[in-house]
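Let me begin by presenting the structure, written as structure tokens, before commenting on it.
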Amino acid sequence: MTTLLGIFGDPVEHSRSPRMHGAAIAVLGLDAVYVPLHVRAEKLPAAVEALSALGFRGVNVTLPHKQTIMALMHELDETAEAIGAVNTVVCEGDALIGRNTDAPGLRRSLEEHGLSLGGMRALVLGAGGAARASVVALAHAGAERIVAASRTVERADQMMRDLASAMRNHASSLESKALASIESALPDMDLVIQATSATLNGGVDAERFAAQLPLEQLPEAAWVVDLVYEPRQTTVLRKASARGLRTVDGLGMLLHQGALSFEHWLGQSPPLGAMREALGFTSK
Ligand code: NAP
């Protein structure tokens, strides 16, 4: 029987996941398909119900379903529960397991660059889904101090309160700040994770956002990560590189969250090189 995999989203045409997983399936010579599935919000319960009926092994989940699908799962893994979002469904017979591979995907991507998060002091910019995944990745890896900063401080406050009660096992200190007042925190940071959408697609606003970040206050050995991968070399990464700081772009997280989903469904590691190539990012 052909193994059925796919991705639920609305819109879904833009997703690079079918190409990435399709390439891995081809290289391994598996009898499997991964298809984009356009699912509107009001049809999500019916689409989830159909997974078992049609014999799907699993799906990825993207906007706008990552939160709403949680209530339709039989079980959630610890990371999905902590982040409050599911990006991977694994069908175990009739049982649907909701998982989140964004946080472990980010951690793997950083480890690939030699960046280990244990004991780190980190500043996370943003208070949306990517910021939540970053905080959970840091806390689960044993970061010492995590400060979240957003332009509306109330959103960062709320996110950190939610995460503090949702994460079962962590010993990190969790704080929040207004984006406008991060300067004093920067000298104490080992790592900044840019998890807002401010740098997406570049342009004047992205330039302004980077110009306002006082990265010169960071220690020389600090790292700057931008989760945005379009463009790969964001305004924030360019500014960090110009100051001699070490940088990591968002492509690795995209790749590794997909690789982890693949492992959950198929029980084997996918060929990362083929997946990376299929993502279609040829240059920095
Ligand atoms: P989201 O839930 O919509 O959150 C966006 C966040 O960005 C909010 O906190 C928002 O602040 C903030 N923001 C937007 N424009 C800003 C600006 N000009 N200045 C300051 N803050 C600004 O989005 P998300 O899901 O977290 O995704 C964020 C970005 O991460 C996306 O652009 C995506 O490309 C990237 N991402 C990458 C991966 C990966 O695999 N590499 C995975 C997920 C996401 P307010 O709350 O004040 O509006």
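The values are calculated or read from the model by the stated rules, or taken from the named source; none is laboratory data. Since we're looking at a predicted model, the values are computed, not measured. Here the Cβ is made from the backbone with ideal geometry for all residues, glycine too, and neighbour counts use every protein chain on show. Remember, those area values only see protein heavy atoms, side chains included, never the ligands or the DNA or RNA. Shrake-Rupley method; radii C 1.70, N 1.55, O 1.52, S 1.80 Å.
Quick one: in the stretch 71-92, of everything that is touching a residue at least 40 places away in the same chain (Cβ under 8 Å) and outside any helix (DSSP H, G or I), which residue is farthest from the ligand (Cβ to nearest atom)?
CYS91
Just to verify a result, which residue in the stretch 148-187, among those that are closer than 22 Å to VAL224 by Cβ and loosely packed, with under 14 Cβ neighbours inside 10 Å, is nearest to the ligand (Cβ to nearest atom)?
ALA180
Scan the stretch 60-100 residue by residue and report those that are under 17 Å from SER165 (Cβ atoms) and of a type in the set (Asp, Glu).
GLU78, GLU81
Of the conditions (1) farther than 16 Å from LEU237 by Cβ; (2) of a type in the set (A, V, I, L, M, F, W, C); (3) within 14 Å of the ligand (Cβ to nearest atom), VAL192 clears all except one; give me its number.
It is condition (1) that VAL192 fails.
Can you list residue pairs whose Cβ atoms sit under 7 Å apart, with the first residue in the stretch 240-254 being under 14 Å from LEU213 (Cα atoms) and the second being modelled with pLDDT of 95 or more and among the hydroxyl-bearing types (Ser, Thr, Tyr)? Count only pairs 6 or more apart in sequence or on different chains.
Listed by first residue and then by second, the contacts come to ALA240/THR247; SER241/THR247.
Here's a check for you: in the stretch 129-147, which residue that is open to solvent by 30 Å² or more (accessible area, probe 1.4 Å) and in contact with a strand residue (DSSP E or B) (Cβ under 8 Å, 6 or more places away or on another chain) is nearest to the ligand (Cβ to nearest atom)?
Among those residues, the one meeting the criterion is ARG145.
Quick test for you: out of ALA148, ALA180, ALA185, pick the one residue that is assigned to a strand (DSSP E or B) and farther than 21 Å from GLY114 by Cβ.
The unique qualifying residue is ALA148.
Test ALA103 against the stated conditions and say whether it is buried (at least 22 other Cβ atoms within 10 Å of the Cβ) and touching a His at 6+ places or on another chain (Cβ under 7 Å).
Yes, satisfied.
List the pairs whose first member sits in the stretch 154-179 and is in contact (Cβ under 8 Å) with a residue 24 or more places away in the chain and of a type in the set (Lys, Arg), whose second member is within 16 Å of the ligand (Cβ to nearest atom) and open to solvent by less than 50 Å² (accessible area, probe 1.4 Å), and whose Cβ atoms are under 6 Å apart, counting only residues at least 6 apart or on separate chains?
Matching pairs, first to second residue: ARG155/ALA127; LYS177/VAL147; LYS177/ALA149.
Each row is one residue, and each column tells you yes or no for (1) of a type in the set (Val, Ile, Thr); (2) farther than 22 Å from MET159 by Cβ; (3) crowded, with 18+ Cβ neighbours inside 10 Å.
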{"residue": "ALA71", "(1), (2), (3)": "no, no, no"}
{"residue": "GLU81", "(1), (2), (3)": "no, no, yes"}
{"residue": "VAL86", "(1), (2), (3)": "yes, no, yes"}
{"residue": "ARG99", "(1), (2), (3)": "no, no, yes"}
{"residue": "GLU112", "(1), (2), (3)": "no, yes, no"}
{"residue": "LEU115", "(1), (2), (3)": "no, yes, no"}
{"residue": "ALA127", "(1), (2), (3)": "no, no, yes"}
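Which of the residues belonging to the stretch 163-177 are under 17 Å from ASN100 (Cα atoms) and part of a helix (DSSP H, G or I)? Working first, answer last.
Within the stretch 163-177, the subset under 17 Å from ASN100 (Cα atoms) is 163, 166-169.
Once the filter is applied, which keeps residues that are under 17 Å from ASN100 (Cα atoms) and part of a helix (DSSP H, G or I), the stretch 163-177 yields LEU163, ALA166.
Considering only the stretch 223-234, I want to know if a residue exists there that is over 27 Å from MET275 (Cα atoms) and not acidic (Asp, Glu).
No: zero hits.
Please count how many residues of the stretch 218-241 are surrounded by 21 or more Cβ atoms within 10 Å (Cβ to Cβ), in a loop (DSSP other than H, G, I, E, B) and among the hydroxyl-bearing types (Ser, Thr, Tyr). Give the steps one after another, and end with the answer.
Step one: list which residues in the stretch 218-241 are surrounded by 21 or more Cβ atoms within 10 Å (Cβ to Cβ), which gives 218, 222-228, 234-237, 240.
Cutting the leftovers down to in a loop (DSSP other than H, G, I, E, B) gives us 218, 222, 227-228, 234.
If we keep only those that are among the hydroxyl-bearing types (Ser, Thr, Tyr) too, we end up with 234.
Qualifying residue count for the region: 1.
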